[in-house]
1. Just to verify a number: what accessible area does residue 164 come out at with the full protein assembly present, 1.4 Å probe, Å² rounded to tens?
2. How much of the calculated P(r) for region 88-142 lies past 15 Å, in percent of all Cα pairs?
3. Between residue 100 and residue 121, what is the FRET efficiency for a Förster distance of 22 Å, r being their Cβ-Cβ separation, to the nearest 0.05?
4. Let me check something: with ligands and nucleic acids excluded, how do 160, 62 order by accessible area (1.4 Å probe), largest to smallest?
5. Starting from the alpha-carbon convex hull of region 48-93, give the projected area averaged over all orientations, in nm².
6. Per residue, how much accessible area does region 40-116 show when a 1.4 Å probe rolls over the protein heavy atoms, in square angstrom?
7. Which lysines does residue 24 reach when only Cα atoms under 20 Å apart count, and residues fewer than 8 places away in its own chain are ignored?
8. Taking the Kirkwood radius as the inverse of the mean 1/r across Cα pairs, report the Rg/Rh of region 7-118.
Amino acid sequence: MESFVSSAGIEQSADHLEDMEKRKRIFHSALDGDAMKAIELTQDFAPVLLENNKDLHFDLLSLHFAELICSKKCTEALEFAQMKLTPFGKMQKYVEKIEDFMSLLAYEEPEKSPMFHLSSLEYRQRVAENLNKAILAHANLPKYSAVERLIQQATVVRQSLNQEYGKDGNQLFSLKDFLER
């Protein structure tokens, strides 16, 4: 990243890399299923973010609840739900979500529950990405870094070229093939 920034002539503050590292720790905490650590780090980094974004706060708390259930800590999960999730039950938009998460308790093996997707890597990744985007928006930064936008653009161009020129059977340039020569 530092190499890209310097070669592209982009000016970044010294805090930018430090903030990126903090966001990275928050992201990986949520992704790894340590939602409480992600909440703690987020509150340190952006104190009012979760207070102002109830949906995201609920998602993180729900991740922790699901993790407790999958770890067979059902009593602890129920106590956690009573303390942290019950206040969300006063808002109708959360009632169905709470019921879905609570249904995980009905199964001896939560991984066989129809709601097991709520503790899946894909779900954790979606929550982690939403958290990262919210942190970036809170800091008035774009949702995607310059590197991410560059990769997205290169991917679209590559797909477009494959569709356009791949039809004729012409061999497109492949960096991998070029480097293996």
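1. The value for residue 164 is about 100 Å².
2. Numbers: 937 of 1485 pairs.
Looking at region 88-142, the distances longer than 15 Å represent 63 percent of pairs.
3. With R0 = 22 Å, the Cβ-Cβ based efficiency is 0.80.
4. Numbers: 160 65, 62 0 Å².
Listed by decreasing accessible area, they come as 160, 62.
5. Numbers: hull surface 13.2 nm².
Projected area, direction-averaged: 3.3 nm².
6. 58 Å²
7. Residue 24 reaches 37, 133, 143.
8. Details: Rg = 16.9 Å, Rh = 15.5 Å.
Here Rg/Rh amounts to 1.09.
The values are calculated or read from the model by the stated rules, or taken from the named source; none is laboratory data. Please read these numbers as outputs of a predicted model, since none were measured by experiment. All Cβ positions, even for glycine, are placed from backbone atoms using ideal geometry, and neighbour counts span all protein chains on display. Surface accessibility is based on the protein's heavy atoms, side chains included, excluding ligands, DNA and RNA. Shrake-Rupley method; radii C 1.70, N 1.55, O 1.52, S 1.80 Å.
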